[in-house]
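Derivation of every value follows stated rules applied to the coordinates shown; laboratory data play no part. Computed from a predicted model, the values in this text were never measured in an experiment. As a convention, Cβ positions derive from the backbone with ideal geometry for all residues, glycine included, and neighbour counts pool all protein chains shown.
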Amino acid sequence: MARTLSTMVELGSSAADFDLLDTTTGNFLTRDSLLKSKGLLVIFMCNHCPFVKHILPGLRTLGQDYSNGDIGLVAISSNDVANYPDDAPEKMPELNLGFAYLYDETQQVAKAYDAVCTPDFFLFDGNLKLVYRGQFDEARPGNDVPVTGKDLRTAMDCLVRGQEIPTTQTPSLGCNIKWKE
C-alpha cells in the first residue's frame, strides 16, 4: 500500500469535462449532467484501497445526507483493472454508495483532474471552480480516529450556505492510483 498525498490542485481551477460509464445504471454521465445549483463533488476512489474501505461507511452516509441537495456527487474509479481486478466495473456497484460511480477506463479524467490517490476529493462551486481539495477527515486505517467526513462536510456546508470555505486544507492520503503501463 503506497501512501500518497493528493496534489492539492490550485483553488479556482476549473473542473474538467467527462463523459463516463455509470457502473450502477449502465448509462453514460457527463460532468454537466451531475452538476447541481451549488456545485459538484468529484471523488476519485476504487474498491480495493484500504483507505477507501476505511471511510466507506462515511461515504455512504455522505451520499444519504447530500444526494438530494444542491451539490451533485460522483465517484470515479480510474485504476488499471487488468492488474487490479477488484476494481473492475462489474464490481464497482457492490459498494452501494447511493450516488453515481463512474469508470474512467482511459484514465484521462484522473489525469485531467491531477488526481493521484484514492480517495481524492475535489469540490467545485456552481461555476465549476475548485473550492476544496483535501481529506475527508483525519481518520486513517489503524489510527483510531472516528470517520466523520468533518473536513469535506464543512466545505460542502459552507458552499451550500454561501459562506466562505476555509482555504487551509489538508491533503487527502491514500493509495496511489494504479496507472496503466
Report task. Kindly check whether there is at least one residue in region 22-31 that is among the small types (Gly, Ala, Ser), assigned to a loop (DSSP other than H, G, I, E, B) and touching a Cys at 6+ places or on another chain (Cβ under 8 Å). Result -> no
Query raised in the report: Taking region 55-95 on its own, how many of its residues are in contact (Cβ under 8 Å) with a residue 40 or more places away in the chain, surrounded by 15 or more Cβ atoms within 10 Å (Cβ to Cβ) and hydrophobic (A, V, I, L, M, F, W, C)?
Result: 8
Query raised in the report: Among the residues of region 123-181, which ones are buried (at least 19 other Cβ atoms within 10 Å of the Cβ), more than 15 Å from the chain's Cα centre (by Cα) and free of Cβ contacts under 8 Å to residues at least 40 places away in the same chain?
Result: none
Query - Unique match (being touching a strand residue (DSSP E or B) at 6+ places or on another chain (Cβ under 8 Å) and hydrophobic (A, V, I, L, M, F, W, C)) among Leu56, Leu40 - result: Leu40
Requested in this report: Would you check if Val81 is in a loop (DSSP other than H, G, I, E, B), among the aliphatic types (A, V, I, L, M) and in contact with a Phe, Trp or Tyr (Cβ under 9 Å, 6 or more places away or on another chain)?
Outcome: yes
**Report entry** From the options Val42, Val52, residue that is in contact (Cβ under 8 Å) with a residue 12 or more places away in the chain and in contact with a Ser or Thr (Cβ under 6 Å, 6 or more places away or on another chain)
**Finding:** Val52
Query - Number of the exception - Tyr113 against (1) within 18 Å of Ala16 (Cα to Cα); (2) in contact with a Leu (Cβ under 7 Å, 6 or more places away or on another chain); (3) buried (at least 20 other Cβ atoms within 10 Å of the Cβ); (4) not small (Gly, Ala, Ser) - result: (2)
Report task. Go through region 1-21 and give me each residue that's of a type in the set (Asp, Glu), out of contact with any helix residue (DSSP H, G or I) (no Cβ under 6 Å at 6 or more places or on another chain) and either buried (at least 16 other Cβ atoms within 10 Å of the Cβ) or not in a strand (DSSP E or B) (or both). Result -> Glu10
